[in-house]
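A short worksheet on the structure shown next.
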Amino acid sequence: LSQPAKGFGGTAFAHYDGRVGPKLRQELVKTADELLAFQQADGSVNGDYTNFPVANGVMQATAQAIVTWRQVYERTADERWLVPMRKAERYVRDSAMRMSDGSLRSLYDANYAVIGLVSAGGGASDKALATLVRAIVKKARGDGGFGFGGTQGSSAFMTGQTLYALRLVGVPDGNAVVRSGTRWLIAHQRQDGGWGASGS
């Protein structure tokens, strides 16, 4: 079993099930069950492969598993899915609380922490989510976009992912950071409709 394949697959099946219908529910349940094999004692889900920026480690893998397990629980009402989901949520929450304004090393991980916590049921008043949102907003660049960090400039990949995470937690379209990021994406869209994010 390849964790990234199961992680991305489970997330895709979960979104399909939640937005389109039950056609792939059997695959969703099967993938959710297979993801259990990757969960560690601390609640994290250990990815067995990374290929930055698409497949990128433990926080991403854990958030994807939460998304998958949450949707299976929503559809089956089987409480056995709550146990791995809550363990994973504790891992993400503990990690998120360490991501203060001064120590947010990975915007990528912060975005996935938001996705995981929201999927686990966290809302705008959640302290960990509020801390993450403040830290994420501080990473906006002067041009309105978001980058991977270091000396790299804004990228469509990180700007799009960050706006998705912010909107997921309830930051409105009218928010200045969301507006600026959206303008950056529109300004950098290519003639063919894509963004050409260096292969990612």
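The values are calculated or read from the model by the stated rules, or taken from the named source; none is laboratory data. Given the structure is predicted, the values throughout are model-derived calculations rather than measurements. Please note: Cβ atoms are built from the backbone with ideal geometry, for glycine as well, and neighbour counts cover all protein chains shown. Please note that ligands, DNA and RNA were not included when accessible areas were found on the heavy atoms of the full protein model with its side chains. Shrake-Rupley method; radii C 1.70, N 1.55, O 1.52, S 1.80 Å.
Here are some notes:
- Consider the stretch 29-51 and keep the residues that are of a type in the set (D, E, K, R) and open to solvent by 70 Å² or more (accessible area, probe 1.4 Å). The one that is nearest to S95 (Cα to Cα) is D42.
- In the stretch 160-184, the residues that are under 28 Å from A120 (Cβ atoms), in contact (Cβ under 8 Å) with a residue 40 or more places away in the chain and either not in a helix (DSSP H, G or I) or not polar (S, T, N, Q) (or both): Y164, A165, L166, L168, V169, G170, V177, G181
- Qualifying residue in the stretch 119-140 (condition: assigned to a helix (DSSP H, G or I), within 30 Å of R25 (Cβ to Cβ) and modelled with pLDDT of 95 or more): yes
- In the set (1) among the β-branched types (V, I, T); (2) farther than 24 Å from A88 by Cβ; (3) out of contact with any Asp or Glu (no Cβ under 9 Å at 6 or more places or on another chain), V133 fails one condition alone, (2).
- Complete set of residues in the stretch 67-110 that are open to solvent by 70 Å² or more (accessible area, probe 1.4 Å) and touching a helix residue (DSSP H, G or I) at 6+ places or on another chain (Cβ under 7 Å): R75, M97, D101
- In summary, A113 fulfils each of the numbered conditions (1) open to solvent by 20 Å² or more (accessible area, probe 1.4 Å); (2) assigned to a helix (DSSP H, G or I); (3) touching a residue at least 40 places away in the same chain (Cβ under 8 Å) with the single exception of condition (1).
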